[in-house]
Amino acid sequence: MWIYLLRRVLLAVAITVIAVTLVFMMIHAVPGDPAVALLGPRATPEMIAHLHREMGLDKPLAVQIVIFFEGLLQGNLGFDVLSQRPVADIIFEQLPYTIELIFVSISWAVAIAVPLGCYSAVRRNSVIDQIVGIMAVATIAIPPFVMAVYALLIFAVTLRWLPAVGAGDGFLDGLVHLILPAFAVGIGWVGYISRLVRASMMEILGENHVRMARSFGISEWRIVSCYALPLAILPTVTILGVGIAWLLSSAVFIEVVFARPGIGALIVQAVNTRNYAVVIGAVLVTTVVTVLATTVSDLIAASLDPRTREKL
């Protein structure tokens, strides 16, 4: 297990370095001068040259990448010349809102989808199984931003049951403001996870150890919960780790639609203003979050099924 953990950590570091380097190169390939975007069209050449020096854009791209990683090793994500604040302070002010949205979204989705998937596998081809299947396909097919717009129009504008924008003030108000965004992000995962659990559960219920448990007279509920579910949940655990990247991308649209603070809204704003330092720092943090989530999900899967340790 320790060897598997070491290999996963090394792979996570390599993925992070490659991802940040690629993003660093791509954002510098975007047309437009960030100094002109920040200073405006009336900026003089001297002002532009001075801002280039402050942002480090007067150096070759390879040198900029090396300087960035040197600062990263010292815990420094750079400095935002626009707000005159460290990039780390700006990012970690917004990151908790996005983590909160993702955690609540995936938590309620898993809490509903896993029991639905188990019931559909045990009562396959029943009326409820068919209804769950139709609803699962429907929710998977609808993009999160479309679901967000309709949820906003129905529950916030028409019915006025829930707040439309913002993150709320205080714990309870924050939870109320999370309902619509978390619904829009998580509803697609309810259908996806329920179908995944159903397919995996049906396969597990046909294996020899399950048939042997039935022959000993063990109740079907205990067979499903104790013998089948720990194995059937493995694909879901793996998918959830990989799905963090998808959830982060969904959070970008959701935070814009509901005018919520968060890392997604920060990236959109930074890209529009060509704020390289904030974009690179935000992408680095989101990459680390994604890699950590994937690594944790793989470690959980490896602890549940030791055979998965041999796949890496």
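The values are calculated or read from the model by the stated rules, or taken from the named source; none is laboratory data. What you are looking at is a predicted structure, and each value in this text was computed from that prediction instead of being measured. Neighbour counts are summed over all protein chains in view; Cβ atoms, including those assigned to glycine, are modelled from backbone coordinates with ideal geometry. Only protein heavy atoms, including side chains, enter the accessible area calculation; ligands, DNA and RNA are left aside. Shrake-Rupley method; radii C 1.70, N 1.55, O 1.52, S 1.80 Å.
State yes or no: is S83 in contact with a Lys or Arg (Cβ under 9 Å, 6 or more places away or on another chain), open to solvent by less than 80 Å² (accessible area, probe 1.4 Å) and of a type in the set (S, T, Y)?
No; evaluated as a whole, the condition is false for this residue.
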Task: Every residue from the stretch 130-166 that is of a type outside the set (A, V, I, L, M, F, W, C), over 23 Å from P261 (Cβ atoms) and in contact (Cβ under 8 Å) with a residue 40 or more places away in the chain - done: G133, T139
- [ ] Could you list, in sequence order, all residues of the stretch 114-128 that are within 18 Å of G206 (Cα to Cα) and under 30 Å from the mean Cα position of the chain (by Cα)?
- [x] G117, C118, Y119, S120, A121
TODO: State which residue pairs qualify: first residue under 15 Å from I254 (Cβ atoms) and inside the stretch 92-112, second residue open to solvent by 80 Å² or more (accessible area, probe 1.4 Å) and among the aromatic types (F, W, Y) in any location, beta carbons under 9 Å apart, and separation of 6 or more residues or different chains.
DONE: A109/Y192
Task: Qualifying helices (runs of 4 or more DSSP H) (wholly inside the stretch 203-280; at least 1 residues being more than 27 Å from L180 (Cα to Cα) and touching a helix residue (DSSP H, G or I) at 6+ places or on another chain (Cβ under 9 Å)) - done: 208-215, 229-232, 234-257
- [ ] Being open to solvent by 50 Å² or more (accessible area, probe 1.4 Å), outside any loop (DSSP other than H, G, I, E, B) and not β-branched (V, I, T) is the filter; apply it to the stretch 168-193 and report the residue that is modelled with the lowest pLDDT.
- [x] F171
Open item on the list: Being within 28 Å of L234 (Cα to Cα) and either part of a loop (DSSP other than H, G, I, E, B) or in contact (Cβ under 8 Å) with a residue 60 or more places away in the chain (or both) is the requirement here; does A121 meet it?
Closed with: yes
Task: Single residue of V114, V66, V149 found to be part of a helix (DSSP H, G or I), among the β-branched types (V, I, T) and open to solvent by 70 Å² or more (accessible area, probe 1.4 Å) - done: V66
Task: Single condition V165 does not satisfy, out of (1) over 24 Å from the mean Cα position of the chain (by Cα); (2) of a type in the set (A, V, I, L, M, F, W, C); (3) open to solvent by 30 Å² or more (accessible area, probe 1.4 Å) - done: (1)
Open item on the list: Consider the stretch 1-55. How many of its residues are open to solvent by less than 40 Å² (accessible area, probe 1.4 Å) and among the polar types (S, T, N, Q)?
Closed with: 2
TODO: Return the total of residues in the stretch 127-146 being open to solvent by less than 90 Å² (accessible area, probe 1.4 Å) and either at pLDDT 85 or above or assigned to a helix (DSSP H, G or I) (or both).
DONE: 12
TODO: Taking I300 as the residue in question, decide whether it is aliphatic (A, V, I, L, M), buried (at least 20 other Cβ atoms within 10 Å of the Cβ) and assigned to a helix (DSSP H, G or I).
DONE: no
Open item on the list: Could you list, ordered by first residue, the pairs with Cβ atoms under 6 Å in which the first is in the stretch 172-190 and closer than 15 Å to A156 by Cβ and the second is open to solvent by less than 10 Å² (accessible area, probe 1.4 Å) and of a type in the set (S, T, Y), at least 6 apart or interchain?
Closed with: A182/S105
